[in-house]
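Asker: First, the structure itself, so that you have it in front of you.
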Amino acid sequence: MLKEFEINFGESSTVINLIKGAGIMMIDPHYFKVKWHDNSTQYWERVYCYELYHCMRKIIEERYKGTTFTYKLDGEHDKTGYAVTEELCKNAKPDFLFQNPQSSDNLAIVEVKALKNSRNWMKHDVDKIIAFMNDPELQYRVGIMLIYGGNENAAECMKAKFDNYVKTESNKDIFLMWHYGENSIPKIIGYSKDTSSSH
């Protein structure tokens, strides 16, 4: 049984709560699995991400306008041409970035993947998150790997992989979140600083 972390994560909490709030707004199953004319269904990450982006933007505009939260939410921001040193950052386009473009104040990087049969992507995406946090030019402070769809067994498999990949990163705030489906709230199922984990 997957447990959810329920502690205060400091500045990470704002991004986590945005993802949770946006997730519960996604009530149409179309955004999780696209249904085609022949009644077949398919995970389509861009469709999911565009709707999640839309919902997060609505929350930011309604709740955070005029507050001290000044970060911009960007999707697939291209870092080509930046003076980055980490190889994985040079041509990467993370799914979401929370950043202040007019300064070097970068808050969070979010990578999104559907829980499909192919599971070899986890290490690459976690490595990318770590690279964006380690790079001296970028220095993102929070990393989130958001997975969606699937079932609890698949999510547990991904958690085991995540725990293994972040076991040397206990000084960083890296989270694994799982969004099961429509009418559900994304939850934190993995955390790099979790001392109770088997990693």
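The values are calculated or read from the model by the stated rules, or taken from the named source; none is laboratory data. What you see is a predicted model, and the numbers here were worked out from it, not measured in a lab. FYI the Cβ positions are ideal-geometry reconstructions off the backbone, even for glycines, and counts take in every protein chain you see.
Asker: I need the strands (runs of 3 or more DSSP E) fully contained in the stretch 63-138, keeping only those with at least 1 residues that are at pLDDT below 90.
Answerer: Per the criteria, no element qualifies.
Asker: Next question, about the same structure. Within the stretch 140-149, is there a residue that is under 15 Å from the mean Cα position of the chain (by Cα), surrounded by fewer than 21 Cβ atoms within 10 Å (Cβ to Cβ) and touching a residue at least 24 places away in the same chain (Cβ under 8 Å)?
Answerer: The answer is yes, given that some residue of the stretch 140-149 is under 15 Å from the mean Cα position of the chain (by Cα), surrounded by fewer than 21 Cβ atoms within 10 Å (Cβ to Cβ) and touching a residue at least 24 places away in the same chain (Cβ under 8 Å).
Asker: I'm checking my understanding of the structure. Among residues of the stretch 106-139 that are over 18 Å from residue 165 (Cα atoms) and of a type outside the set (D, E, K, R), which one is nearest to the chain's Cα centre (by Cα)?
Answerer: 108
Asker: Take residue 78 and decide whether it is charged (D, E, K, R) and buried (at least 21 other Cβ atoms within 10 Å of the Cβ). Let's see the steps before the verdict.
Answerer: On the way: charged (D, E, K, R): yes; buried (at least 21 other Cβ atoms within 10 Å of the Cβ): no.
So residue 78 does not fit the description; no.
Asker: So which residues in the stretch 132-169 are among the aliphatic types (A, V, I, L, M) and touching a helix residue (DSSP H, G or I) at 6+ places or on another chain (Cβ under 9 Å)?
Answerer: Once the filter is applied, which keeps residues that are among the aliphatic types (A, V, I, L, M) and touching a helix residue (DSSP H, G or I) at 6+ places or on another chain (Cβ under 9 Å), the stretch 132-169 yields 138, 142, 144, 145, 146, 147, 158, 166.
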